[in-house]
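Below is one structure; the comments refer to it alone.
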Amino acid sequence: MISGSAQEHTEIALSWYAELMENSPIGIFFTDADGNCFQVNKTWCEIAGISPEQAKGRGWVDAIHHDDHERVETLWYESAKNNQPFHAEYRFCTPQGKITWVVGHATAKLNKDRNLEGYIGTISDIDKFKKTAVELEKSSARIRTIIAHMPVMLFAFDHHGLLCNWNHEAVRISGYAASELIGNPKAMTLLCPDPHYRRMMQDAYKQLGDDYRNLEWQLTAKDGSIKTILFSNIAKYYPIDGWANWGVGVDVTLSRRTEHNLRERVKELNCLYKLSILSNQPNLDLESFLQEAVELLPESWQYPEATSARIIYEGKILRTESFAVSPWKLASDIIVRGEKTGAIEIYYSEERPSASEGPFLIEERLLLDEVSLQISRIISQELDKRDLALFEEVNAKADQLENFSHTISHDLKTPLTAIGGYAEFLGKQLQQGKLDQAQLCTDQIVENTRRMERRLDEILRLAKIGRLIEPSEEVDLQSIIEETLQMVARKLDDAHIEVEVAKSFPKVVGDSIRLQEVIENLVENAIRYIGEEPNKIIISYHMQGPETVFYVKDNGIGIDPQDFSRIFELFKRKVKTVDGEGVGLAITKSIIEAHGGRLWVESKGEGTGSCFFFTLGQVIEGQTG
Ligand code: ADP
């Protein structure tokens, strides 16, 4: 408790005020009614960087930062005019250039008669706050700029379900300005006009909530183009004040289109690759090749489910299973040896968006032309192969004909020379009246003439074989063999030959009379060229890969491997002890070849038996021996 008189108390208070003013952490200044300073405290002087003397009068104004002068003076004037306290943030600048932000207050001081006496003002150093605020503002401006301009769409919805954020990238991709969508209840209808798709996406969103990444969405831009956006919404983990949810979207339209185009190109390349594999498949006839080729086509087109195709070639039409003609057609010609011989046609069963050629892409046109080119090339190669085979066959026939004529001339020459010799001798014998000798000559002439006749008959028979083959029919080889064995039953008995025949034979296609001749010739030979007892003939067949090989095997005198090919030539015989003309095997060979088959012999040499094998062009499968 302070004791003393009121005056003493007033004095104490005044000295305390003076001390308080001097030591206050706030700058304090007093001015008269005109704004002339008459007192400042220590803190004020520290902030302003000038002495109390320098601050006096209008001196304090100079301590205010040059750039803030005008503003502070205007505000001061305004406050004074309106009888309001002055309040402003501004800068002081010391003569050394140190700048300090302050918040300044000043209140008018009125005397008893309510006339303005002057002002009491304070300044508080807010430099730190101000600088922090400036930094904060700078950093939030940076963040705002990043968010606004980053090449990622940023969207946010408020608690009423309305769009409340739509950044520059979102504007760029959608074509809609922020002002058109923000707060617009129809925003989603604009961005997703197809109601069915919109509902589907809304359902997906309901299921996922605010926790999904890379949800693919087809956004409809303002110009009607469709953009593929990958949306992510992780608002569940990072909620933002004032936003019900938010997310980002990345435009992947271009990469999706590139991916799609790449997939299409892969399909096309695959088609060409499969076509080349197909063309290298052995034993594939042209028609089967074209059928398999046409089936390759639909899957290489953009809409395989609506694609059918056909290949027209030389009157034949090969088509895909559900082929149907329609107005949406793409065609390319098959050109073989410079002439149009067919076409490949692709049809869409339903209308599809228009592209470079109707609904077809330029790449599909190029693919079809390439496929036509490949198919044309393969057909040409096939024709070349056929021509070559024909040429080789004609050549072989010409060779055969030449051999044949040599054989004929040689074999006819022998009896003819004999006839000539005997005729000359006959003349001499007649002149000498030797009738007995003349008769012998005549007999020889007759015999050689008959021999010539027989040979000529055989030659004619052989020459006719190609033409004598009857149109092909199904032939029961089993019955032919049985009939033949019955015919030669006696001979078999006489020679004590045992015959073993397969239980059944596959049916074959050919001329039954000619095929019977084959079996007869081979069985007859097996009997004629039989060896020492016990004698056995086996008639059977086996499979050699896909081929059925029939055979007649004996354990007879055998054949020297050196003679394997000669015995099939006309009039070529090896065994003189057995009667024969040397014609049977030549005829058998011709018949087998006319049936598209081969005839050959195997033997380990003389005394080891022989086995004659033959194949036929057409064997009906399904039976085993
Ligand atoms: P041919 O029997 O009238 O001489 P082929 O053309 O039937 O005429 O036979 C030609 C030759 O092949 C025969 O002369 C014989 O040397 C030989 N040959 C044919 N079949 C047999 C066989 N089963 N075993 C041994 N040699 C055979």
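The values are calculated or read from the model by the stated rules, or taken from the named source; none is laboratory data. The shown structure was predicted, so the numbers you read here are calculated from the model rather than taken from an experiment. Virtual Cβ from ideal backbone geometry, glycine too; neighbours counted across all protein chains shown. Side chains included, ligands, DNA and RNA excluded: accessible areas come from the protein's heavy atoms. Shrake-Rupley method; radii C 1.70, N 1.55, O 1.52, S 1.80 Å.
Brief remarks follow.
- Candidate set from the stretch 581-594 (those that are away from the ligand (no atom under 11 Å from the Cβ) and open to solvent by less than 20 Å² (accessible area, probe 1.4 Å)); member that is farthest from the chain's Cα centre (by Cα): Ile591
- Among (1) acidic (Asp, Glu); (2) closer than 23 Å to Ser24 by Cα; (3) surrounded by 13 or more Cβ atoms within 10 Å (Cβ to Cβ), the one test that Glu73 misses: (2)
- Only one of Glu268, Glu292 that is in contact with a Leu (Cβ under 7 Å, 6 or more places away or on another chain), more than 23 Å from Leu383 (Cα to Cα) and among the charged types (D, E, K, R): Glu268
- Top-ranked residue in the stretch 549-580 [being more than 9 Å from the ligand (Cβ to nearest atom) and β-branched (Val, Ile, Thr); ranked as surrounded by the most Cβ atoms within 10 Å (Cβ to Cβ)]: Val549
- Condition broken by Glu500, with the remaining ones in (1) at pLDDT 95 or above; (2) farther than 18 Å from Gly597 by Cα; (3) open to solvent by less than 60 Å² (accessible area, probe 1.4 Å); (4) away from the ligand (no atom under 12 Å from the Cβ) satisfied: (3)
- Arg450 being within 16 Å of the ligand (Cβ to nearest atom) and either open to solvent by 50 Å² or more (accessible area, probe 1.4 Å) or modelled with pLDDT under 90 (or both): no
- Cβ separations smaller than 8 Å between residues 6+ apart or across chains give no pair from the stretch 385-403 residues that are surrounded by 10 or more Cβ atoms within 10 Å (Cβ to Cβ) to residues that are modelled with pLDDT of 90 or more and not in a helix (DSSP H, G or I).
- Considering residues of the stretch 606-621 that are within 11 Å of the ligand (Cβ to nearest atom), open to solvent by 10 Å² or more (accessible area, probe 1.4 Å) and not in a strand (DSSP E or B) only, the residue nearest to Pro506 (Cα to Cα): Thr608
- Test result for Ile538, touching a Lys or Arg at 6+ places or on another chain (Cβ under 9 Å), free of Cβ contacts under 8 Å to residues at least 40 places away in the same chain and either closer than 23 Å to Leu485 by Cβ or open to solvent by 40 Å² or more (accessible area, probe 1.4 Å) (or both): yes
- Any hit, the stretch 570-586, residues being modelled with pLDDT of 90 or more and either out of contact with any Lys or Arg (no Cβ under 9 Å at 6 or more places or on another chain) or not in a helix (DSSP H, G or I) (or both): no
- Qualifying residue in the stretch 463-482 (condition: of a type in the set (S, T, N, Q), within 16 Å of the ligand (Cβ to nearest atom) and either without any contact (Cβ under 8 Å) to a residue 24 or more places away in the chain or open to solvent by less than 30 Å² (accessible area, probe 1.4 Å) (or both)): no
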